[in-house]
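As structure tokens, the structure follows; a few thoughts come after it.
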Amino acid sequence: MNEASDLSGMVVWGGFALAFVFGAVANKTNFCTMGAISDVVNMEHWGRMRMWLLAMAVAMLGTNLLYQLGLIDLSKSIYVRPSLPWLSLVLGGVVFGIGMTIAAGCVNKNLVRLGAGSLRSLVVLVFVAISAYMTLKGLFGQWRASYLDPVTLDLAQWGLAGQTLPQILAKLTGLAAKPALLASAVVLSLGLAAFALKDKRFRGNVVQWLGAVVLGLLIVAGWYLTGHLGHGESPETMEMVYFATNTRTLESFSFVAPTAFSLELLMLWTDQSLHVSFGIASAIGVVLGSLAYALASRQFRWEGFASMEDLRTQLLGAVLMGFGGVTALGCTVGQGLTGISTLALGSFIVLAGIIGGAAATMHYQNWRA
């Protein structure tokens, strides 16, 4: 029992420490996926988008290196299952993209802003948590389970054990599993890195490209923490389990569902079946890491809503993000970095939906203005 507690504690505190760095780096570099899309759509400026793409490349290469070395088993991840709920992924991604644009930032950005003094972000995150919880276990969840999730492609019918691009490549070409994995991971990650780094101004911005590398490595570290260090024998069942994760399997950073689990823990604190998890600890870590940087750099500022209209739009965006993020199995970090690092087809679908939903909303806002 003590060993189980030790493993759970290590995963929780390790997740907090990694997320603390994530929050500080995200604040320092102004890492914002909604902002990256907005820069491209509105100003044709690719600086923050290149940062996001470079972080993806590092996360992809590092995560699949861990898998290739047998240090983690990505086949157990929620992202790579052979069942592909494509309607949930498409709709969830698009709705999340719309929501984060209306709310002027994704969930990760609001965690970072909260650490920097934004009370507006606190309200947004509370409504994200309520909406996410409703989508996990409440009214929205009934709609999701009844009408969206059943619309699924069963890739096992085509002889696929999962939905990763290497598995699909191996099936189509006859390549063995390891060469297909190596080819997919190397080609995609190096391609993204080459595109990001070909811009001279981006290469000259050490803060941005170094920040991207650090954020990508933190995704890899999250996988290693939960999938290797936190993988051990359960004292109750004597089976190998993943400790202190909400999905009961290996995880890395994702911030929508953890806001719901954080709210649940606060509301049901005396429920002995609930405990601080990797996801909850990582959400707290991002806030406190951002707070530490804001205080150290003297950038901490209290911030509220600008107007009643601002309040209405922010809360609508929050509700859409909560629903979309759970339905799509992740957000701009949960799918856009963590899911993508597994090379799962569903993660690419969600990412396209998020970018498409956000870009369409920005064009609509510009047209109205």
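The values are calculated or read from the model by the stated rules, or taken from the named source; none is laboratory data. The model shown is predicted, which means the values in this text are computed figures rather than measured ones. We place every Cβ from the backbone using ideal geometry, glycine too, and count neighbours over all the protein chains shown. The accessibility values were calculated without ligands, DNA or RNA, using every heavy atom of the protein model including side chains. Shrake-Rupley method; radii C 1.70, N 1.55, O 1.52, S 1.80 Å.
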Determine, yes or no, whether Ser290 is more than 26 Å from Gly353 (Cα to Cα) and at pLDDT below 95. no
Go through (1) in contact with a helix residue (DSSP H, G or I) (Cβ under 6 Å, 6 or more places away or on another chain); (2) more than 27 Å from Leu210 (Cβ to Cβ); (3) open to solvent by 50 Å² or more (accessible area, probe 1.4 Å) for Leu89 and report which single condition fails. (3)
Could you go through segment 266-275 and let me know if any residue there is more than 16 Å from Leu74 (Cα to Cα), of a type outside the set (S, T, N, Q) and in contact with a Leu (Cβ under 7 Å, 6 or more places away or on another chain). yes
Taking into account only those residues within segment 1-39 that are surrounded by 18 or more Cβ atoms within 10 Å (Cβ to Cβ) and more than 23 Å from Tyr293 (Cβ to Cβ), which is farthest from the chain's Cα centre (by Cα)? Leu7
Just the residues that are within 25 Å of Ala17 (Cβ to Cβ) and among the β-branched types (Val, Ile, Thr), please, taken from segment 186-237. Val206, Val207, Val213, Val214, Ile219, Val220, Thr226
Identify, from the list Thr332, Thr313, the residue that is assigned to a loop (DSSP other than H, G, I, E, B) and either on the phi > 0 side of the Ramachandran plot or in contact (Cβ under 8 Å) with a residue 40 or more places away in the chain (or both). Thr332
Quick test of your reading of the structure: Ala59 fulfils all but one of (1) farther than 14 Å from Val220 by Cα; (2) aliphatic (A, V, I, L, M); (3) open to solvent by less than 20 Å² (accessible area, probe 1.4 Å); (4) in contact (Cβ under 8 Å) with a residue 60 or more places away in the chain. Name the failing condition by number. (1)
Consider Leu188 carefully, then state whether it is closer than 20 Å to Met56 by Cβ, touching a Leu at 6+ places or on another chain (Cβ under 9 Å), open to solvent by 40 Å² or more (accessible area, probe 1.4 Å) and among the aliphatic types (A, V, I, L, M). yes
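Matching residues to (1) under 21 Å from Leu65 (Cα atoms); (2) open to solvent by less than 60 Å² (accessible area, probe 1.4 Å); (3) at pLDDT 95 or above:
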{"residue": "Leu165", "(1), (2), (3)": "yes, yes, no"}
{"residue": "Leu182", "(1), (2), (3)": "yes, no, no"}
{"residue": "Leu215", "(1), (2), (3)": "yes, yes, yes"}
{"residue": "Leu218", "(1), (2), (3)": "yes, yes, yes"}
Is one or more of the residues making up segment 242-261 open to solvent by 40 Å² or more (accessible area, probe 1.4 Å), under 21 Å from Thr101 (Cα atoms) and polar (S, T, N, Q)? no
So which of Arg120, Arg144, Arg113 is in contact with a strand residue (DSSP E or B) (Cβ under 7 Å, 6 or more places away or on another chain) and among the basic types (Lys, Arg)? Arg120
Residue hits (segment 111-130; farther than 17 Å from Leu295 by Cα and of a type in the set (S, T, N, Q)) are Ser121
I need a count of the residues in segment 149-163 that are crowded, with 19+ Cβ neighbours inside 10 Å and either of a type in the set (Phe, Trp, Tyr) or in a helix (DSSP H, G or I) (or both). 1
Would you check if Arg203 is among the basic types (Lys, Arg), open to solvent by 40 Å² or more (accessible area, probe 1.4 Å), part of a helix (DSSP H, G or I) and in contact (Cβ under 8 Å) with a residue 60 or more places away in the chain? no
Considering residues of segment 267-282 that are at pLDDT below 95 and under 22 Å from Gly14 (Cβ atoms) only, the residue least open to solvent (accessible area, probe 1.4 Å): Leu274
